[in-house]
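Undergrad: Handing you a structure now.
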Protein chains: 4
Amino acid sequence: MIKYSHPVKVYYKDIDQMGIVYYSRYFEFFEEARTEMLLSIGLDYAKVEDQGAMLPVIEAHAEYKKGAIFGQNIIIHTQIDELPKVRMKFKYSVVSENTDELLMTGHTVHAFTDLKGRPIRIPKYIYSILKDKMNVNKLL
Amino acid sequence: MIKYSHPVKVYYKDIDQMGIVYYSRYFEFFEEARTEMLLSIGLDYAKVEDQGAMLPVIEAHAEYKKGAIFGQNIIIHTQIDELPKVRMKFKYSVVSENTDELLMTGHTVHAFTDLKGRPIRIPKYIYSILKDKMNVNKLL
Amino acid sequence: MIKYSHPVKVYYKDIDQMGIVYYSRYFEFFEEARTEMLLSIGLDYAKVEDQGAMLPVIEAHAEYKKGAIFGQNIIIHTQIDELPKVRMKFKYSVVSENTDELLMTGHTVHAFTDLKGRPIRIPKYIYSILKDKMNVNKLL
Amino acid sequence: MIKYSHPVKVYYKDIDQMGIVYYSRYFEFFEEARTEMLLSIGLDYAKVEDQGAMLPVIEAHAEYKKGAIFGQNIIIHTQIDELPKVRMKFKYSVVSENTDELLMTGHTVHAFTDLKGRPIRIPKYIYSILKDKMNVNKLL
């Protein structure tokens, strides 16, 4: 399992008339979180694209418990449970930084494609990095 | 069953570096579609809020088949299958207007709350309108 | 002078905690409006890019009089006053569809570049189309 | 003069088909920057609203020199030059964190209103905080 925690602060741009984060914004926070997670293990997504691969989202899901409000600091906890073969799944849970209260959960599933969007197998260097990281974490 | 089709045109604002609609934007299109669907059967969401009820999203889901591109005209087909009691589910499928090719599908589930976000039963006038519309459609 | 009127409807996605359209959203509406204006005179922006030119924004400006609210139908009036040489300026004024009340005004200025972002002169076919349209309008 | 520097990282959500930050996104970055600037001098915007005042944008302006790209770390330098009476102006300049290269500049002008959007004079405690901060900075 690979884990990563990404902090986000909520601004006016994120908030709707109900005074809470508009529901689609969390998917932007998810993107930030998975990008930083991959970077933290040595996978810079900009370089992944430079090397000819993309990870488009093929599934996105969210369940909302409580709305984050203006000025709130939230944490996007992100994890990869399984070593990907043809698809890569990230799971997210969003909590209040101060109280650790669970605000919402979600996941995204990604395919591997070439730059024209055609499906490819997971690039070897990505597989290697993920596998090494998974194994290290198992030993801990 | 209640059905509604809402056209959307894709602009630069919606498109990411891959040249396709960024994944969270479809949830904005879903919101447009369900708002117009409700309006089409006599439920103006602005008035729903004025009368003290909100329909916050408690679940959102999307599956992506093919990315819509800049300038593309797409249709958001929306439907409600079941008369809601405590939750209301909208199902969406997005197709290319020209070719009818399926681009993505999704759903959202909504709770009924008062203006402070506390759960309430479905307001009677909403239930009535939905029930009448469901029955009419059954007879057709 | 070239003129075009583009209707937009305001949804929850556009509205902030004050209950009015968040200030940056109008720039998305401006983009819709200028894209449709260009299309209306035979300039499909997707094809402009296919033919090797881009029109990146180099200046954006907005002045806000009154906030548009959820469910409101607004019109983005767009116009080009002068035949562009190296820069192209669009002026916008946003009014309520029902009352014609002025809500905000703005403008954007665009450069012509190649696909790598390097400045170029206005492509001839774009100049021709704009010139013809300007002349026709003068005669009217 | 009051100054503040706010870091932002560019993600896929911000980037358009040209591979650069979509022009309206900078206004969201501006909002983050001015919110953090105000907080840094003891003005929590959430509390400003709780105390009955709002600072809606009445003018927004941006000039774009070079586009920020995916993964780039940028700094939003923000400053207030003059003690506000009826309007408050923030000036922004956005630079690359690594190279300090100027990417774009802009400003926003804000009015003071009550919670119903009616113009008010600048609340005394806001004036005091800004005046003290301006004076301290003059002495430095």
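What follows is calculated from the coordinates using simple rules that are stated; it is not laboratory data. Nothing here was measured: the structure is a model prediction, and the numbers come from that model. Quick reminder, even Gly has a Cβ in these numbers, built from the backbone with ideal geometry, and neighbours come from all protein chains shown.
Undergrad: What is the set of long-range amide H partners of C:Val57 at a cut-off below 5 Å, with H atoms built 1.01 Å from backbone N?
TA: Long-range HN contacts for C:Val57: none found.
Undergrad: Oh, and also: Counting only Cβ atoms, what residue of chain C lies nearest to the axis that sends chain C onto chain B, and how many whole Å off?
TA: C:Glu28, 5
Undergrad: On a C-alpha basis, how far is the centre of the range B:84-140 from the centre of the range C:92-117 in Å? Whole number, if you could?
TA: 35 Å
Undergrad: Still on this structure, I have one more. When Cβ neighbours within 10 Å are restricted to other protein chains, what is their mean count per residue of peptide D:6-16?
TA: Rounded to a whole number, the mean comes out at 6.
Undergrad: Taking Cα atoms, how many degrees apart are the long axis of helix C:124-139 and the longest axis of chain C, rounded to 10 and kept between 0 and 90?
TA: The angle comes out at about 70 degrees.
Undergrad: If you don't mind, another one. How large is ³J(HN,Hα) for each residue in the range A:110-120, as worked out from phi by the Karplus curve 6.51 cos²θ - 1.76 cosθ + 1.60 (θ = phi - 60°), to whole Hz, x for Gly and Pro?
TA: So the J values, rounded to whole Hz, are 10, 9, 9, 9, 7, 5, 9, x, 8, x, 9.
Undergrad: On to the next question. Could you tell me whether the protein assembly as shown comes out rounded, prolate or oblate from its Cα gyration tensor? Rule is a ≥ b ≥ c as square roots of the eigenvalues, rounded for a/c under 1.5, then prolate if a/b exceeds b/c, otherwise oblate.
TA: rounded
Undergrad: Further question: With labels modelled as points extended 7 Å from the Cα through the Cβ direction, what inter-label distance (nm, one decimal) is found for C:Lys65 paired with B:Asn137?
TA: 4.2 nm
Undergrad: Can you give me the long-range amide H partners of C:Tyr11? Hydrogens built in the peptide plane at 1.01 Å from N, cutoff under 5 Å, separation of 5 or more residues or another chain.
TA: So C:Tyr11 has HN proximity to C:Gly71.
Undergrad: Further question: Which distances, in nm and shortest first, link the A:Tyr125 label point to the same label point in every other copy, taking 7 Å along Cα→Cβ?
TA: 3.9, 5.5, 6.2
Undergrad: Would you work out which of A:Ile75, A:Ser128, A:Gly19 lies farthest towards the positive end of the dipole of the range A:2-139, given +1 charges on the beta-carbon of Lys and Arg and -1 on that of Asp and Glu, about the Cα centre?
TA: Projecting each Cα onto the dipole axis, the largest value belongs to A:Ser128.
Undergrad: A further question follows. Got the A:Lys138 label distances to the other copies yet, label 7 Å along Cα→Cβ, in nm, shortest first?
TA: Counterpart label points of A:Lys138 in the remaining copies fall at 5.5, 6.8, 7.7 nm.
Undergrad: Going 7 Å from Cα along the Cα-Cβ axis for the label, what nanometre distances separate C:Lys85 from the same residue across the other copies?
TA: Reported distances to equivalent positions: 4.1, 6.5, 7.4 nm.
Undergrad: Right, another one. Over all residues in A:58-69, what is the mean tally of Cβ atoms on other chains that come within 10 Å of each residue's Cβ?
TA: 5
Undergrad: Filter the cross-link list C:Lys89/D:Lys133; C:Lys85/D:Lys9; C:Lys47/C:Lys91; A:Lys9/C:Lys66 down to pairs whose alpha-carbon distance in this structure exceeds 30 Å.
TA: Result: C:Lys89/D:Lys133; C:Lys85/D:Lys9 exceed 30 Å.
Undergrad: On C-alpha positions alone, give me the angle between the axis of helix A:25-40 and the longest principal axis of chain A, in degrees, nearest 10.
TA: The angle comes out at about 40 degrees.
Undergrad: Still on this structure, I have one more. Rounded to the nearest 20 debye, what is the charge dipole size of the range B:2-139 about its Cα centre when +1 sits on each Lys and Arg Cβ and -1 on each Asp and Glu Cβ?
TA: Using Cβ point charges on Lys, Arg, Asp and Glu, the range B:2-139 gives about 560 debye.
Undergrad: Per residue of D:30-39, how many C-beta atoms from partner chains lie within 10 Å of its own C-beta, taken as a mean?
TA: 3
Undergrad: With just the Cα atoms defining each centre, how far is the range D:1-65 from the range B:12-55? Give it in Å.
TA: Measuring centre to centre over Cα atoms gives 25 Å.
Undergrad: Additional query: Using Cα springs under 10 Å in a Gaussian network model of chain C, which residue among C:Leu115, C:Leu102, C:Leu130 shows the largest mean-square fluctuation?
TA: Most flexible of the set in this elastic network: C:Leu115.
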